[in-house]
1. Being within 19 Å of Val77 (Cα to Cα) and either loosely packed, with under 14 Cβ neighbours inside 10 Å or of a type outside the set (D, E, K, R) (or both): is that true of Ile2 here?
2. What do you reckon, is Val21 aliphatic (A, V, I, L, M), within 25 Å of Glu4 (Cβ to Cβ), in contact with a Phe, Trp or Tyr (Cβ under 9 Å, 6 or more places away or on another chain) and assigned to a loop (DSSP other than H, G, I, E, B)?
3. One residue is enough: does segment 27-39 have a residue meeting the conditions part of a helix (DSSP H, G or I) and exposed (fewer than 10 other Cβ atoms within 10 Å of the Cβ)?
4. Answer yes or no: is there a residue in segment 65-80 that is of a type in the set (Gly, Ala, Ser), within 22 Å of Ala91 (Cβ to Cβ) and outside any strand (DSSP E or B).
5. If you go through segment 48-71 one residue at a time, how many are in contact with a Lys or Arg (Cβ under 9 Å, 6 or more places away or on another chain) and within 23 Å of His38 (Cβ to Cβ)?
6. Can you run down the residue pairs with Cβ atoms below 6 Å, 6 or more apart or on separate chains, where the first is in segment 58-74 and basic (Lys, Arg) and the partner is part of a strand (DSSP E or B)?
7. I'm trying to understand the selection: among the residues of segment 1-18, which are among the hydrophobic types (A, V, I, L, M, F, W, C) and part of a helix (DSSP H, G or I)?
Amino acid sequence: MIAEEMREYYKQIAASKGFDVQKFEGNTPGIIVPVTLHEFNRPGIIELAKQALVVYNGNNNTKFEYDCLVKANSKLVAGRIYYITFEAFLAIYVQPFVLEYGKKPWT
């Protein structure tokens, strides 16, 4: 990435905490990039989102239920950190609620 792209990248990271970052050209190691969702990785990312929701519910005494996957970003480090955006709802409500929660599994 050139210097101007790096400034834009860090601006996006600061604004979204890693959940909304565009793909930049080049192979810069250790940056957060959008995940292309397909039939092979979608089930695993959905499972991570559901696990994150269990943790969120336990920490916040809530009962959100997973609805659908919106998008995911990831960062390759000594494992992979996922920034997953998904929709969830409270069982007593019908309207979806978008919850962004970073899940950091080691793969």
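1. Details: within 19 Å of Val77 (Cα to Cα): no; either loosely packed, with under 14 Cβ neighbours inside 10 Å or of a type outside the set (D, E, K, R) (or both): yes.
Answer is no for this residue.
2. Values: aliphatic (A, V, I, L, M): yes; within 25 Å of Glu4 (Cβ to Cβ): yes; in contact with a Phe, Trp or Tyr (Cβ under 9 Å, 6 or more places away or on another chain): yes; assigned to a loop (DSSP other than H, G, I, E, B): yes.
Judged against the criteria, Val21 is a match.
3. No, that holds for no residue.
4. Residues of segment 65-80 that are of a type in the set (Gly, Ala, Ser), as a first pass: 72, 74, 78-79.
Subsequent filtering for residues that are within 22 Å of Ala91 (Cβ to Cβ) retains none.
No: segment 65-80 contains no residue that is of a type in the set (Gly, Ala, Ser), within 22 Å of Ala91 (Cβ to Cβ) and outside any strand (DSSP E or B).
5. Qualifying residue count for the region: 6.
6. Here the result reads Lys71/Thr85, each pair linking segment 58-74 to a residue that is part of a strand (DSSP E or B).
7. Of all residues in segment 1-18, those among the hydrophobic types (A, V, I, L, M, F, W, C) come to 1-3, 6, 13-15.
Ala3, Met6, Ile13, Ala14, Ala15 - these are the residues of segment 1-18 that are among the hydrophobic types (A, V, I, L, M, F, W, C) and part of a helix (DSSP H, G or I).
Residues checked against (1) surrounded by 10 or more Cβ atoms within 10 Å (Cβ to Cβ); (2) modelled with pLDDT of 85 or more; (3) not polar (S, T, N, Q):
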| site | (1), (2), (3) |
| --- | --- |
| Val54 | yes, yes, yes |
| Asn59 | no, yes, no |
| Asp67 | yes, yes, yes |
| Thr85 | yes, yes, no |
| Ala88 | yes, yes, yes |
| Ala91 | no, no, yes |
| Val94 | no, no, yes |
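The values are calculated or read from the model by the stated rules, or taken from the named source; none is laboratory data. As the structure is a computational prediction, the values presented were derived from the model and not from experiment. Cβ sites come from the backbone with ideal geometry, for glycine too, and all protein chains shown count toward neighbours.
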